[in-house]
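Only the coordinates and a few stated rules stand behind these numbers; no lab work does. These numbers were taken from a predicted model, which means no experiment stands behind them. Reconstructed Cβ throughout: ideal geometry from the backbone, glycine too, with neighbour counts over all protein chains shown.
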Amino acid sequence: MNEIIQIIKERRNTKNFIDKDVAKIDIETLLGAAIWAPNHRDTQPWRFVVIDKESSLRDKISEGIISVKELTSGKKQTDEQIESIVKYVQSRPVLIFVFSLIDSNPIITEENYGAVCCAIQNISLAATSMDLAVGWSTGKIAQIQNLTEMFELKEELKVVGVLTIGYPSSQQSKQRIDFNEITSWL
């Protein structure tokens, strides 16, 4: 089977990682792959914020997740829940917050969002080829209020997701519906 097809089939959205540092050069390689995603009008709309294991911003990220959880549930988080969130954020090997440029033209904004999703796929495929794994989250961590201010970003941006990059502790087997079941040939 073609090598790229094999990598596509092996790629997984990973949640569990071993406690092993990821080299900065490997993150740079992934970001270098990301920027070669197709993008209509050559807008190059992706923006990345890398949060390494030692970043003091991890505390603010934990606080942000706690706030989101409290706002959505209408309940104050317990000490145990807070401890769990802090432990989760602190244990992630590398976090990459991925943003898309917002344009005054909503069609360009949508095209930009699609391009950034392609950039994330490039990261995921490159990571798989390097024996790394990616967890792409659009959950609470991506819903933190005022991320652009927290990261001192000056452009008008939309968060597309937060990627956790690391070495997987396990790989799940996956199945897909045969494309013939969901394809019309006209």
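Side notes on the structure shown:
- Gain upon complete extension [Trp36, Ser184; 0.36 nm per residue less C-alpha separation]: 50.2 nm
- Phi to ³J(HN,Hα) by Karplus 6.51 cos²θ - 1.76 cosθ + 1.60 over the stretch 5-14, Hz, x for Gly, Pro: 5, 4, 5, 4, 6, 8, 4, 9, 7, 9
- Kirkwood analysis of the chain, using all unique Cα-Cα pairs, places the hydrodynamic radius at 17.9 Å.
- Neighbours of Val116 by Cβ distance under 15 Å: Lys/Arg scored +1, Asp/Glu scored -1, total -3.
- Computed packing ranks the peptides 19-26, 74-81, 110-117 as 110-117, 19-26, 74-81, most packed first, by mean other Cβ atoms within 10 Å.
- Proximity of backbone amide H atoms, modeled 1.01 Å from N, is registered between Asp103 and Thr109 at under 5 Å, excluding neighbours fewer than 5 places apart on the same chain.
- Using Cβ point charges alone (K and R +1, D and E -1), the dipole size of the chain about the Cα centre works out to roughly 400 debye.
- For Phe17, distant residues with modelled amide H under 5 Å away: Ser169
- Loop-located trypsin sites (Lys or Arg not before Pro) in the stretch 82-163 (DSSP state not H, G, I, E or B) with no more than 11 neighbouring Cβ atoms inside 10 Å: Lys154.
- Each residue of the stretch 38-43 was assigned a 3J(HN,Hα) from its phi angle through the Karplus curve 6.51 cos²θ - 1.76 cosθ + 1.60 (θ = phi - 60°); the sequence is x, 8, 4, 6, 6, 6 Hz, with glycine and proline shown as x.
- The convex hull of the Cα atoms of the stretch 16-56, projected and averaged over all directions, covers 4.2 nm².
- Here Lys87 is the anchor, and the lysines within straight C-alpha reach of less than 28 Å, apart from those fewer than 8 places off in the same chain, are Lys15, Lys20, Lys24, Lys53, Lys60, Lys69, Lys75, Lys76, Lys140, Lys158.
- Each residue of the stretch 103-112 was assigned a 3J(HN,Hα) from its phi angle through the Karplus expression (A = 6.51, B = -1.76, C = 1.60, θ = phi - 60°), giving 10, 5, 8, x, 5, 5, 4, 5, 4, 4 Hz with x at Gly and Pro.
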